[in-house]
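Notes for the one structure printed next.
The values are calculated or read from the model by the stated rules, or taken from the named source; none is laboratory data. All figures in this text were calculated on a predicted structure; none of them were measured in a lab. Cβ sites come from the backbone with ideal geometry, for glycine too, and all protein chains shown count toward neighbours. Ligands, DNA and RNA are stripped out before the accessible areas are found, and what is left, the full protein with its side chains, is counted by its heavy atoms. Shrake-Rupley method; radii C 1.70, N 1.55, O 1.52, S 1.80 Å.
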Amino acid sequence: MNRPLIIAPSILAADFANFGAECRAIEDQGADWVHVDVMDGHFVPNLTFGAPVVRCIKTSLPLECHLMVENPEHYVEAFEKAGAHSFIFHIETTVAPAELVAAIHAHGMKAGVSLNPGTDISTLAEVLPLVDSVLVMSVNPGFGGQAFMPVALEKIRTLRAQFPDLNIAVDGGVNAETGAQCVEAGANILVAGSFIFGAPDREAAIESLR
Ligand code: DX5
Ligand code: ZN
């Protein structure tokens, strides 16, 4: 695998009182993509924001929208209109993942599928040949700042062995140490929230993940 490593800071950890400035700043601080955590209070026990807020984010970086919501198919059009580059749904939230991937592609976005730490990768079999990326959760989704769960490493390794060209992302508890373990296991996209936004020097924090 020799594609460049992508660093995607999760703006869940940004200062929401300065949301616009934080989103612009992270671009100059070395981010490749912006990771946007959308939570509905049903699939996960927390609420964040939806497409109207995403539409206000001014950045030239791709907006990777991670939908931790039930009925993700209801939001495909809204996120396209909000300017999402990719739409990541959870495999636990749909019984028709292939149809959902087709809808995401029809709306001009990249399609990603995510799975919780307790969900087996065998559940992805039907969609793996269809998606543009897999987002392996290394915490139970809902909150930033949780500890990395090593179960993610095994999943990344197994996926990488089967799919040499797949975009494999990891999300949750990523720092310089766990990030390096994920890259060694085969991940090529690192999502990190508190490690980057909580760092005194965000540029250095992003660089330390590379
Ligand atoms: C968790 C979110 C993550 C989270 C990562 O539900 O999907 O993107 O913001 O935050 P850290 O890096 O702090 O674990
Ligand atoms: Zn996320």
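Name, by its number, the condition in (1) farther than 20 Å from Leu100 by Cα; (2) open to solvent by 40 Å² or more (accessible area, probe 1.4 Å) that does not hold for Val34.
Every listed condition holds for Val34 apart from (2).
Taking region 173-183 as the search range and keeping residues that are of a type outside the set (S, T, N, Q) and over 21 Å from Ser122 (Cα atoms), which one is surrounded by the most Cβ atoms within 10 Å (Cβ to Cβ)? Spell out the reasoning first.
Of all residues in region 173-183, those of a type outside the set (S, T, N, Q) come to 173-174, 176-177, 179-180, 182-183.
Filter once more, keeping what is over 21 Å from Ser122 (Cα atoms): 173-174, 176-177, 179-180, 183.
Details: Gly173: 22, Val174: 29, Ala176: 14, Glu177: 10, Gly179: 23, Ala180: 15, Val183: 19.
So the residue we want is Val174.
Determine if region 150-161 includes at least one residue that is assigned to a loop (DSSP other than H, G, I, E, B), within 26 Å of Met39 (Cβ to Cβ) and either within 16 Å of ligand 2 (Cβ to nearest atom) or at pLDDT below 95 (or both).
no
Return the only residue of Val95, Val101 being outside any strand (DSSP E or B), more than 24 Å from Leu190 (Cα to Cα) and more than 16 Å from ligand 2 (Cβ to nearest atom). Give the derivation first.
Numbers: Val101 fails: more than 24 Å from Leu190 (Cα to Cα).
Sole residue among the options that is outside any strand (DSSP E or B), more than 24 Å from Leu190 (Cα to Cα) and more than 16 Å from ligand 2 (Cβ to nearest atom): Val95.
When you look at Gly20, is it away from ligand 2 (no atom under 16 Å from the Cβ), surrounded by fewer than 20 Cβ atoms within 10 Å (Cβ to Cβ) and either assigned to a helix (DSSP H, G or I) or without any contact (Cβ under 8 Å) to a residue 60 or more places away in the chain (or both), yes or no?
Values: away from ligand 2 (no atom under 16 Å from the Cβ): yes; surrounded by fewer than 20 Cβ atoms within 10 Å (Cβ to Cβ): yes; either assigned to a helix (DSSP H, G or I) or without any contact (Cβ under 8 Å) to a residue 60 or more places away in the chain (or both): yes.
Spelling it out, Gly20 is indeed away from ligand 2 (no atom under 16 Å from the Cβ), surrounded by fewer than 20 Cβ atoms within 10 Å (Cβ to Cβ) and either assigned to a helix (DSSP H, G or I) or without any contact (Cβ under 8 Å) to a residue 60 or more places away in the chain (or both).
Restricting to region 127-149, what's the tally of residues that are within 13 Å of ligand 2 (Cβ to nearest atom) and either open to solvent by 10 Å² or more (accessible area, probe 1.4 Å) or assigned to a helix (DSSP H, G or I) (or both)?
Adding up the residues that qualify gives 7.
When the residues of region 184-200 are narrowed to those that are open to solvent by 60 Å² or more (accessible area, probe 1.4 Å) and outside any helix (DSSP H, G or I), which ends up farthest from Ala14 (Cα to Cα)?
Looking at residues that are open to solvent by 60 Å² or more (accessible area, probe 1.4 Å) and outside any helix (DSSP H, G or I), I get Pro200.
Among Ile206, Ile196, which is the only one that is among the hydrophobic types (A, V, I, L, M, F, W, C), in contact (Cβ under 8 Å) with a residue 24 or more places away in the chain, more than 16 Å from ligand 2 (Cβ to nearest atom) and under 26 Å from Thr48 (Cα atoms)? Steps first, please.
On the way: Ile196 fails: more than 16 Å from ligand 2 (Cβ to nearest atom).
None of the other options fit; the residue is Ile206.
Just the residues that are in contact with a helix residue (DSSP H, G or I) (Cβ under 8 Å, 6 or more places away or on another chain) and free of Cβ contacts under 8 Å to residues at least 40 places away in the same chain, please, taken from region 129-149. Please lay out each step first, then the result.
Residues of region 129-149 that are in contact with a helix residue (DSSP H, G or I) (Cβ under 8 Å, 6 or more places away or on another chain), as a first pass: 130-131, 134, 136-138, 144-145, 148.
Of everything in region 129-149, those that are in contact with a helix residue (DSSP H, G or I) (Cβ under 8 Å, 6 or more places away or on another chain) and free of Cβ contacts under 8 Å to residues at least 40 places away in the same chain turn out to be Leu130, Val131, Val134, Met137, Phe148.
Quick check on this structure: which one of Ala84, Ala78 is modelled with pLDDT of 95 or more, touching a helix residue (DSSP H, G or I) at 6+ places or on another chain (Cβ under 8 Å) and assigned to a helix (DSSP H, G or I)? Quick ask: steps written out before the conclusion?
Numbers: Ala84 fails: assigned to a helix (DSSP H, G or I).
Exactly one of Ala84, Ala78 is modelled with pLDDT of 95 or more, touching a helix residue (DSSP H, G or I) at 6+ places or on another chain (Cβ under 8 Å) and assigned to a helix (DSSP H, G or I), namely Ala78.
Run Leu130 past the list (1) closer than 19 Å to His85 by Cα; (2) out of contact with any Asp or Glu (no Cβ under 9 Å at 6 or more places or on another chain); (3) aliphatic (A, V, I, L, M); (4) within 16 Å of ligand 1 (Cβ to nearest atom) and report the number of the one that doesn't hold.
Failing condition for Leu130: (4).
Which of the residues that make up region 116-126 are surrounded by 16 or more Cβ atoms within 10 Å (Cβ to Cβ) and under 19 Å from Ala102 (Cα atoms)?
Leu124
Across region 156-171, what is the total count of residues that are farther than 16 Å from Val127 by Cβ and open to solvent by less than 10 Å² (accessible area, probe 1.4 Å)?
Number satisfying all stated conditions: 2.
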